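The values are calculated or read from the model by the stated rules, or taken from the named source; none is laboratory data. These numbers were taken from a predicted model, which means no experiment stands behind them. Here the Cβ is made from the backbone with ideal geometry for all residues, glycine too, and neighbour counts use every protein chain on show. With ligands, DNA and RNA removed, areas are computed over all heavy atoms of the protein, side chains included. Shrake-Rupley method; radii C 1.70, N 1.55, O 1.52, S 1.80 Å.
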There are 2 protein chains.
Amino acid sequence: MRALLIVAHGSRRATSNDEVRALTEQLRPQAEAEFAHVACAFLELADPLIPDGLKQCLQAGAEEVVLLPYFLSAGRHVAEDIPNIVAEFTTAHPELKVQIAPYLGTAPQLPSTLLQLAIN
Amino acid sequence: MRALLIVAHGSRRATSNDEVRALTEQLRPQAEAEFAHVACAFLELADPLIPDGLKQCLQAGAEEVVLLPYFLSAGRHVAEDIPNIVAEFTTAHPELKVQIAPYLGTAPQLPSTLLQLAIN
């Protein structure tokens with residue numbers, strides 16, 4: 001079974017974290033053909049943190065997790081912190097395969113998405 | 001004449017700022033039917049800063065600028081800093097009309113964009 005874990009930075013503002021949770025809810029019905037479990041997790045400052053999010057995937061029966069960084073640029077968090085956290089988790093839980101998807105900032109739909117926001 | 005100004009936070013990492021500039025270049029051909037001038041600017045840490053970006057819109061002949069916050073959540077930067085900078089600029093340059101578009105995090109295409117990244 002495959003799970004999808006959207007990973008955002010996390011914020012001291014509860015509303016920012018809730019935006020990520022709401023987006024995950026919106027995504028779930030679209031994703032369910034591919035992913036039996038869809039959830040979000042945070043690098044810091046909000047719950048669940050990434051290891052807890054991965055643990056919940058395991059508990060939901062996932063053998064594989066696609067982790068998608070909800071970040072706009074490939075800073076240290078995307079390039080180093082997330083891969084390090086994932087590597088530590090999969091060393092402890094080798095039964096789970098975790099694939100890190102390209103981060104949001106690389107999506108080819110972004111230019112047209114921005115244009116739609118600008119003209120509406 | 002209308003201009004489009006994509007406003008990102010700005011980073012100490014030059015590559016992150018270059019990602020925003022590259023995205024702006026990708027956007028330009030798609031946007032040119034609506035916007036004669038398409039550029040990016042930064043809240044801090046990178047050039048041009050927002051007032052300089054707005055000045056360049058004026059110099060390009062813009063009467064109206066749509067400023068699009070390239071941010072995922074409505075934190076202080078989106079809610080306060082950007083509007084304050086815009087208000088200060090338009091007080092000094094009342095000939096320019098600046099409309100702040102919804103920030104990227106509100107785009108209805110985001111769930112499907114994330115899903116595409118996850119399954120590819």
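Applying the criterion of being more than 9 Å from chain B (Cβ to nearest Cβ) and in contact (Cβ under 8 Å) with a residue 24 or more places away in the chain to the residues of segment A:15-38, the residue that is most open to solvent (accessible area, probe 1.4 Å) is A:ALA36.
Working only within segment A:82-120, note down all residues that are hydrophobic (A, V, I, L, M, F, W, C), in a loop (DSSP other than H, G, I, E, B) and under 15 Å from A:ILE50 (Cβ atoms). Correct list: A:LEU96, A:ALA101.
For the subset of segment B:61-98 comprising residues that are of a type in the set (S, T, N, Q) and more than 7 Å from chain A (Cβ to nearest Cβ), which member is nearest to A:GLN99 (Cα to Cα)? So, considering only residues that are of a type in the set (S, T, N, Q) and more than 7 Å from chain A (Cβ to nearest Cβ), the one nearest to A:GLN99 (Cα to Cα) is B:ASN84.
Considering segment B:99-120, and only residues there that are open to solvent by 30 Å² or more (accessible area, probe 1.4 Å) and among the aliphatic types (A, V, I, L, M), the residue that is farthest from the other protein chains (Cβ to nearest Cβ) turns out to be B:ILE100. None of A:ALA74, A:ALA79 is open to solvent by 50 Å² or more (accessible area, probe 1.4 Å), closer than 24 Å to B:GLY105 by Cβ and not in a strand (DSSP E or B) except A:ALA79.
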